[in-house]
Structure formats: C-alpha cells, structure tokens
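Throughout, read-outs are computed from the coordinates displayed, never taken from laboratory work. Just so you know, these numbers come straight off a predicted model, no measurement behind them. We place every Cβ from the backbone using ideal geometry, glycine too, and count neighbours over all the protein chains shown.
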Amino acid sequence: MRKLRDGTVRLRFTALYGALFLLSGVGLLAITNLVSLGTRVTSPVGTAPVERLTPGAAQELIARLQSQLSEVQALQSRRLLIGSAVALAVMAVVSIVLGRMVAGRVLRPLRTITAATRRISADNLHERLAVPGPADEVKDLADTIDDLLERLEGSFAARRRFVANASHELRTPLATMRASLDVALAKPEPVPAQTVALSERLRTELDRVDRLLEGFLVLARTQHGALADRAEVSLGRTVSAALAARAADITAKNLTVHDGDVHDSAWTQGSRTLLARLAENVIDNAITHNHDGGWIRLAATADGATALLVVETGGPVLDQEQVARLAQPFERLGTDRTGSGDGSGLGLSIVAAIATAHGGGLELRARPGGGLRVTVSLPPTSVRAEARREGAGAAASA
C-alpha cells in the first residue's frame, strides 16, 4: 500500500493508459450496441395465415422465410462490421489524442529537467534543478543530476584553485632565480663571457616561463571566473591601443598594417582588462607568426547583431584541420609556418576563452591565398555610455 501511495512513473503510466484503454473499449462496445439496436428483423408482409396453407404452400413459405431471415442476418452482420470499423477508427483517433495529452503531462517534468540541464554550463554550475514532487524515478533522476553538478562544480573549483595557487607559488622561485642572476652579474670583478651568455639565456627562459604562468592565470580566470569589471568597451579603440603599444615590434619586422576598417562603431559589454588582453593576443599572434615585410589587415565592425574583430595575415597556405586546433592550449602549427618557435601556445586559447566568457566565439580560417584569418564575434551593445560621458565632458569643457 505504501508503494502505491508514493507512486512511481511505471504505476502512473499503467493506471493512466489502462484507464484509457478501458474507456476506449467501453466506447467501442457502446457504439457497436447502438448500431446493432438500429437493425430490426421484420416479418414477411402479405402472407396468408399458416392454418389456411396446404403442406406444399407451407413448405414454400418456410423456405421463403428462411431466405429472408438469411438476408436480414447478412445485412445485420454487414452493418455491425461497418459500425465496428467506424467505432474502431473513432476510438483510435480519440485514444491517440488523449494519449498524447496524457503523455505530455506525464513527461512534462522530464522536459523541464532537460531544459534546465541545457541551460546550466561551466559558468553557472552552482545552479541546481531542484525538481519538486513525489519520490519517484523522475525525482531520483533530477537528484542524481544535481549530485553530478555538485561534483563538477567542486572539480572545476579545485582545478581553478590549483592553477592559480601553482602559478602564484612558482613565481616566487622564478623571482629568486632572476635576482640571483642579477647579483651574479653585478659583482665588481670581471664576469666571464660564458657566464654572461648563460645568464642571458636563463633570463630569456625565465621570462618565457613567467609569460606561461601569466597565461595560465588568465586562462583559469577567464574560463571559470566572474567578469568583475564589466563596462561598455569600444573594440576599435581597444585594437588601436594594442597596435600603438606594439609599434616597435611592427617596425622591427617591417610589417604593413591595414587598419582602415577599424571603426568606433563596434561596441560590446564586458571586462576591459580581458578584452584588451584579447586584442593584444590576436595582434601578437599576427606579428609573431608573420614573415619580414609581411602584412596585417584589421577590421572592427558591428552589424547590429554581432560586434566583429577580424585580423588577417599573409603567408603560406595552411591546413584547415590544423588551424582549427589552434584554439586549444599548446597547439602550434610548428616552426615551418613562419620560421619562429616563439610563443607559449596559449595565446589563441586565451582569446577563445575570453570570447566565450563574453557570450561570443572565435573562428579560425586558413585563407585560400595563404595565411590566417582570425574572427572574434562578441554580442554588441547599442548603448554607448562612455561615448555619452565623453561627449558630456567635452560639452562641459566647451
């Protein structure tokens, strides 16, 4: 009795569909009986009384009555068959409609669970389904998914803490090693040339490890952290600032920059720090993986539905399958791309993580004529608070 009171999905389906089938059978029998009652067997009309007939005439009358009775029975059977077929068709349609309605009502909790599970991602693992209702299979499924989300949240948090703590702890010995090199080179006695060359090489490697740790921190904060400094950001101004900061690197490689399509109309909302890092990484990738005397084409535009940052570079023809993997950490095309082995392999993966954290995405395409096309799409914002503030400030100063 307790099991029946608590109820399970199986018992619910059994009771509901059993009742539907029972009602269908009752309706079928009712329609069949109504059709049967509509058929009446009538006696022959215009026959003479039996007592006045001769034996031969009586036999002839009996044969005729038997023939009429057979015809009536055949007609009744046909009507009954037609009525049963009509009743079966009607009840089949009614059963399908009722079954669909009842099944939809019974499966509504499962649809709710599915929609809530799709809505939950790595950025909001703290949410839970919390499905109400009796302790049945649906409730058990929802509770199991909630337990899984809790374990996933703990795992993501533990990985984020590990990366942040490890990166922070590793910076201390790196700073100590760099200070030791400075002390060794600062001694008053002459330092051997071999020691100077070795220290420069070690300093270069230390700088590389430092950049790698910084990339780990940014990647961990972007993938699983909250966007603290949300504001409205102009992609055009961000790109222009990143280009100005790298003017020396561009001149050193004799690169030609085409930035005529960088407009101030492309605005998005997000973290200024992370979006600046996004633009810097994309431009750094275009400078580092480029040949001397090459070119870079930049565009920052908005079409009302998307704010786009597009960076194109020339070079050899690349394999699209390999290019698509560049958004993964530590994926490189190799030194045969540009002849340079620089870079940590985290630049474009950080770009992808920042774009995803802002509700956008990263697309990497190998250009048919050679080189790479990097497209960052971000949700636009129609309100330009900063522009209005600057306009108000300029009006006040005037």
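Treating r as the C-beta distance of residue 288 and residue 117 and R0 as 35 Å, the FRET efficiency rounds to 0.30. Against the compact-protein benchmark of 2.2 N^0.38 Å, the Cα-based radius of gyration of the stretch 230-385 scales to 0.98. Taking packing as the residue-averaged number of other Cβ atoms within 10 angstrom, the listed peptides 322-331, 161-170 run from highest to lowest as 322-331, 161-170. Across all Cα pairs in the stretch 167-264, the calculated P(r) in 10 Å bins from zero up to the longest distance comes to 12, 23, 28, 25, 10, 2 percent per bin. Our coupling estimate for the stretch 255-262, obtained by passing each phi through the Karplus curve with A = 6.51, B = -1.76, C = 1.60 and θ = phi - 60°, is 8, 9, 9, 10, 10, x, 9, 8 Hz, Gly and Pro reported as x.
Taking packing as the residue-averaged number of other Cβ atoms within 10 angstrom, the listed peptides 83-89, 372-378 run from highest to lowest as 372-378, 83-89.
Please tell me the relative contact order of the stretch 259-315 in percent, rounded to the nearest whole number, where contacts are Cα pairs under 8 Å and at least six residues apart. List each step's numbers first, then the result.
Working: 68 pairs, mean separation 24.7, N = 57.
Once normalised by length, the contact order is 43 percent.
In this simple spin-label approximation, residue 162 and residue 177 carry label points 7 Å from Cα along the Cα→Cβ vector, and these lie 2.2 nm apart. Counted residue by residue at 0.36 nm each, then reduced by the alpha carbon distance between them, the extension gain from residue 252 to residue 130 reaches 38.0 nm.
Near the amide H of residue 346, within less than 5 Å, lie the amide hydrogens of 330, all on another chain or at least 5 residues away, with H placed in the peptide plane.
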